[in-house]
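The values are calculated or read from the model by the stated rules, or taken from the named source; none is laboratory data. Worth saying up front: this structure is predicted, and the values here are computed from it rather than measured. FYI the Cβ positions are ideal-geometry reconstructions off the backbone, even for glycines, and counts take in every protein chain you see.
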Amino acid sequence: MGGARGGERGAAVIPHLACLFGVVLWASSPTAIKFVLAEMPVWDAPALRFGLAAIVLWAVAVALGHIGEVRRIGWRPFVAGLVDPGIISIMAYQGFLLTAASHGTVIFALMPLVAALFGRVFLNEPLAAPTIAGATLALAGVVILVSSQDSAGASSLTGDLLLVGCVILICGAQIPLRRIAIAHGRPLVTTAIMMSGAATTTIFARLVFGDNSAPLAWAATASTDTWIVFAYTAIVISSSSFVLYNYALRHLPVARVSLYSVLQTPIGVPLAWAVLGERLSWVEVGAAVLVIAGVAIPVVVSTRARRAAAG
């Protein structure tokens, strides 16, 4: 009996670990994008990123013998991928070209509030008091961080608004993605289909808006560091984080999954400072502590509730 309960508790923890590891990867994305855009054109970067991510995921799916799941899962993940991460990535790359990486990590921390509302309206998911309290505390941290962003580096209202738009679209896209995850599972194949949709959107945008006079002329002069960081965004962030994300959506409500996104702030802001030189003030450190506390509240409460129910 004790072993069975231990197994159940372990299974219940796995989706939370998936969220945590996925968010750690996403938290590094703003800094990685800013780093890559120093040498890689803004239209080329997402097209190459998601094209490579799709190739890697399909190769893994074929190697594991999961390719037969494509027909059962269907076309909906492809359509979802056209928007998230397709259109969203185009907006994000344009936004990060115009604003600081630390600004982006703060703005993306607003996801729990938007996602909780979307989950309530479209999925009839309950808004538990701990989730509301945690999101409110996290928002307070975000407000403090935004108010102290003078030290964050060059930023603009246009760039910030593009990233706010990304947050809204991401939260909207979570609704069909959760339905797909619940209905089908198979996060690897689902993510491969999504990345194919994202690659379609970004490659089309590259062909329409990119510089076609000398395609990939920059590639010959791009540094090794840029190529390494780019490979990280494509293979590690895009491939791995979305697999983890789709797995978590099958087992957790949208509001709970998105609540982990506030961890992007305490992880991403110091990373932007260390890699890009975007300075971090003590006020921002204090605000990051509030954000972490906001994530911890619903997780701790739900864990204690499960233990009490288990006796």
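Brief remarks follow.
- The range 40-76: number of residues that are surrounded by fewer than 20 Cβ atoms within 10 Å (Cβ to Cβ) and of a type in the set (D, E, K, R): 4
- Boolean, Arg206 is of a type in the set (D, E, K, R), touching an Asp or Glu at 6+ places or on another chain (Cβ under 7 Å), within 22 Å of Ile55 (Cα to Cα) and modelled with pLDDT of 80 or more: yes
- The lone exception for Ile144 - which of (1) under 14 Å from Ala293 (Cα atoms); (2) in contact with a Leu (Cβ under 9 Å, 6 or more places away or on another chain) it fails: (1)
- Breaking point among (1) more than 17 Å from the chain's Cα centre (by Cα); (2) surrounded by fewer than 24 Cβ atoms within 10 Å (Cβ to Cβ); (3) touching a residue at least 60 places away in the same chain (Cβ under 8 Å); (4) assigned to a helix (DSSP H, G or I), for Ala288: (2)
- Some residue of the range 215-238 being at pLDDT below 90, among the polar types (S, T, N, Q), surrounded by 13 or more Cβ atoms within 10 Å (Cβ to Cβ) and part of a helix (DSSP H, G or I): yes
- Any hit, the range 174-192, residues being at pLDDT 90 or above and either in a loop (DSSP other than H, G, I, E, B) or not aromatic (Phe, Trp, Tyr) (or both): yes
- Top-ranked residue of the range 26-43 - restricted to ones that are in a helix (DSSP H, G or I) and within 18 Å of Ser239 (Cα to Cα), ranked as nearest to the chain's Cα centre (by Cα): Trp26
- Test: Leu163 is closer than 24 Å to Leu82 by Cβ, aliphatic (A, V, I, L, M), in a helix (DSSP H, G or I) and at pLDDT 80 or above: yes
- Out of Ala274, Ala248, Ala219, Ala234, one residue alone is more than 25 Å from Phe118 (Cβ to Cβ) and either touching a residue at least 60 places away in the same chain (Cβ under 8 Å) or touching a Phe, Trp or Tyr at 6+ places or on another chain (Cβ under 8 Å) (or both). It is Ala234.
- Within the range 31-47, the set of residues being over 21 Å from Leu271 (Cα atoms) and out of contact with any Phe, Trp or Tyr (no Cβ under 7 Å at 6 or more places or on another chain) comprises Asp44, Ala47.
- Given (1) modelled with pLDDT under 90; (2) more than 20 Å from Ala32 (Cβ to Cβ); (3) part of a helix (DSSP H, G or I); (4) among the aliphatic types (A, V, I, L, M), number of the condition Leu127 does not satisfy: (3)
- Residue pairs whose Cβ atoms lie under 9 Å apart, separated by 6 or more positions or on different chains, with the first residue in the range 77-105 and without any contact (Cβ under 8 Å) to a residue 24 or more places away in the chain and surrounded by fewer than 24 Cβ atoms within 10 Å (Cβ to Cβ) and the second basic (Lys, Arg) and outside any helix (DSSP H, G or I), do not occur.
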